[in-house]
1. By how many degrees, 0 to 90 and rounded to 10, does the Cα axis of helix 44-56 deviate from the longest principal axis of the chain?
2. Find, to one decimal place in angstroms, the Kirkwood hydrodynamic radius of region 3-78, where the mean of 1/r is taken over every pair of different Cα atoms and then inverted.
3. So what's the angle, to the nearest 10 degrees on a 0 to 90 scale, between helix 17-28 and the longest Cα principal axis of the chain?
4. Based only on Cα atoms, what Rg/Rh ratio does region 2-44 have, Rh being taken as Kirkwood's radius?
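Just so you know, all these numbers are worked out from the coordinates, no wet-lab data involved. Everything numeric here is computed off the predicted structure, so don't read it as measured data.
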């Protein structure tokens, strides 16, 4: 999968407010699916669908807790967020360049204006 396709999938996954809520909760600490559904006041089935999207896009990963393979703990994965930050940095750089050019234009503007000619007879 290309970097652009991965970035598109990240944006699509994060477009949903519930999935952003899951990311916010997982930023604090890893959590079980039941904890996530309770914290966001939703059914376990609905949370499962959101977690599936987040897993498929690589934003989260699940691990079993100790010897009980039924218990799954979700954590954030770093790589998709690094890719997202890289893209955002590129956009910020563009606007920094645009604003610097505008500032230069404004500051040089008065010096570049033509002075009125003096006419003497």
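1. Helix 44-56 sits roughly 60 degrees off the main axis of the chain.
2. Numbers: mean 1/r = 0.0796 Å⁻¹.
About 12.6 Å for region 3-78.
3. Roughly 80 degrees, rounded to the nearest 10.
4. Working: Rg = 12.2 Å, Rh = 11.4 Å.
Taking Rg over the Kirkwood Rh, I get 1.07.
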